[in-house]
Amino acid sequence: MKGAKPERSVGIVGAGALGTLLASAFTQADVPVRILVRSPERGTAVKRVAPRAETTEDPAALFPASVLFFCVKSFQTADAANGITPALLEGLVPLVTLQNGWGHLDLLERALPGVPLIAGTTTLGAFWDDEGVFHASRAGSTLFAPWTRAAEPGAAVRLFTDANLRAERAADAREILWKKLVLNVAVNPVTGIHGVANGAVLEAPALFELSLAAAREAVAVGAARRFLPAPYEPEPLLRALLRDTAGNRSSMAEDLARGRTTEADAILGAVVREGAAAGVPTPIAASLAERLAVLESARSTHPRG
């Protein structure tokens, strides 16, 4: 039947490092993948890593699909949603977000009424180095939780586990999103400001103490807003993340190095805004945001590549 969803196929919006990693993993597990790219050059880069994936610059060509993964930057959410709206609304394909920050699912729920939305958080890591070589770590874990009532994360979990990627179903979407935000707050700004890989934070006591203080500040906000259970201690997870992704560069470090817009507002800005709503001071997040703004302005003028 025309327009019928195949039993197992994947559409991916966002051909950055994470989207490319997923395209490679799923196609290696014999799952058909279509991935939306913004240019022929990006399509070529994706095909070097995931040669069996189908790349397209046409959002409508992502469909039919059984699951759609959303891997764009947080500040690209609205534009990306507008691009896929007609086809997605017609089929009501489940949409799984794997994005940093806070607020993107509220935006998607408004933009895509009726679409089953699933929140995803992951510690998978990937990046392209300065020579264009792709680096990826599949050792991380991923959690999926329903955001809208009709959403069921089971298909996403099975896709990941069949591709030898660790994944589980979680009950509370806001809890997993804020826990990921805590780690983003701790790692991304510090690695970005200092231009280091994740493992360097664990090796330098001063950097680790700053990261841990930022994480605990975000925890205090999350607990006050009832996004997190109390008590919640982030240090074990922070240490494990830095150890498991020691050779990786965070997305924020990559963006700064290449003169691109960072996700500072969706990460640090979210902590500051939610802290203000809860009456919880957030001086560390505010200070890191100010330092990033200065660096972002300077490096956008003189990007490295």
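The values are calculated or read from the model by the stated rules, or taken from the named source; none is laboratory data. Because the structure is predicted, anything quoted here is derived from the model rather than measured. Neighbour counts run over all protein chains shown; Cβ positions are idealised from the backbone, glycine included. Please note that ligands, DNA and RNA were not included when accessible areas were found on the heavy atoms of the full protein model with its side chains. Shrake-Rupley method; radii C 1.70, N 1.55, O 1.52, S 1.80 Å.
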- line: Note on the stretch 55-70: residues surrounded by fewer than 18 Cβ atoms within 10 Å (Cβ to Cβ) and either of a type in the set (K, R) or free of Cβ contacts under 8 Å to residues at least 60 places away in the same chain (or both) are T56, E57, D58, A60, A61
- prompt: Any idea which of (1) assigned to a loop (DSSP other than H, G, I, E, B); (2) open to solvent by less than 10 Å² (accessible area, probe 1.4 Å); (3) not acidic (D, E) is the one W102 doesn't satisfy?
  reply: (2)
Qualifying residue in the stretch 284-297 (condition: free of Cβ contacts under 8 Å to residues at least 12 places away in the same chain, surrounded by fewer than 24 Cβ atoms within 10 Å (Cβ to Cβ), part of a helix (DSSP H, G or I) and of a type in the set (V, I, T)): yes
- prompt: Mind checking which residues of the stretch 96-138 are among the acidic types (D, E) and farther than 22 Å from D244 by Cβ?
  reply: D106, E109, D130, E131
statement: Selection from the stretch 201-235 of residues part of a helix (DSSP H, G or I), in contact (Cβ under 8 Å) with a residue 40 or more places away in the chain and open to solvent by 10 Å² or more (accessible area, probe 1.4 Å) yields L202, L210, A213, E217, A220, A224
message: I'd like the residue in the stretch 147-161 that is outside any helix (DSSP H, G or I) and either among the β-branched types (V, I, T) or open to solvent by less than 30 Å² (accessible area, probe 1.4 Å) (or both) and, out of all such residues, is nearest to R8 (Cα to Cα).
response: P153
statement: Per the filter on the stretch 248-275, residues surrounded by 19 or more Cβ atoms within 10 Å (Cβ to Cβ) and basic (K, R) are R249
query: Filter the stretch 45-72 for residues that are modelled with pLDDT of 95 or more and of a type in the set (S, T, N, Q); which is farthest from V133 (Cα to Cα)?
result: T56
task: Could you pull out the residue among A218, A223, A170 that is modelled with pLDDT of 95 or more and in contact with a strand residue (DSSP E or B) (Cβ under 9 Å, 6 or more places away or on another chain)?
output: A170
query: Any idea which residue in the stretch 129-144 is surrounded by the most Cβ atoms within 10 Å (Cβ to Cβ), counting only those that are within 17 Å of the chain's Cα centre (by Cα) and touching a residue at least 40 places away in the same chain (Cβ under 8 Å)?
result: F144
message: Can you tell me which condition P189 does not meet? The list is (1) open to solvent by less than 10 Å² (accessible area, probe 1.4 Å); (2) in contact (Cβ under 8 Å) with a residue 40 or more places away in the chain; (3) more than 30 Å from E109 (Cα to Cα), and all the others hold.
response: (3)
- request: Quick one: count up the residues across the stretch 240-280 that are free of Cβ contacts under 8 Å to residues at least 60 places away in the same chain and out of contact with any Gly (no Cβ under 7 Å at 6 or more places or on another chain).
  value: 12
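Residue-by-condition table, conditions (1) assigned to a loop (DSSP other than H, G, I, E, B); (2) over 25 Å from A186 (Cβ atoms); (3) in contact (Cβ under 8 Å) with a residue 12 or more places away in the chain; (4) of a type in the set (A, V, I, L, M):
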| position | (1), (2), (3), (4) |
| --- | --- |
| V72 | yes, no, yes, yes |
| F75 | no, no, yes, no |
| N82 | no, yes, yes, no |
| V93 | yes, yes, yes, yes |
| L107 | no, no, yes, yes |
| R110 | no, yes, no, no |
| T121 | no, no, yes, no |
task: For the stretch 236-247, enumerate the residues that are open to solvent by 40 Å² or more (accessible area, probe 1.4 Å), assigned to a helix (DSSP H, G or I) and closer than 19 Å to G192 by Cα.
output: R239, R243, D244
Which listed residue is among the polar types (S, T, N, Q) and touching a Lys or Arg at 6+ places or on another chain (Cβ under 9 Å), from N198, N184: N198
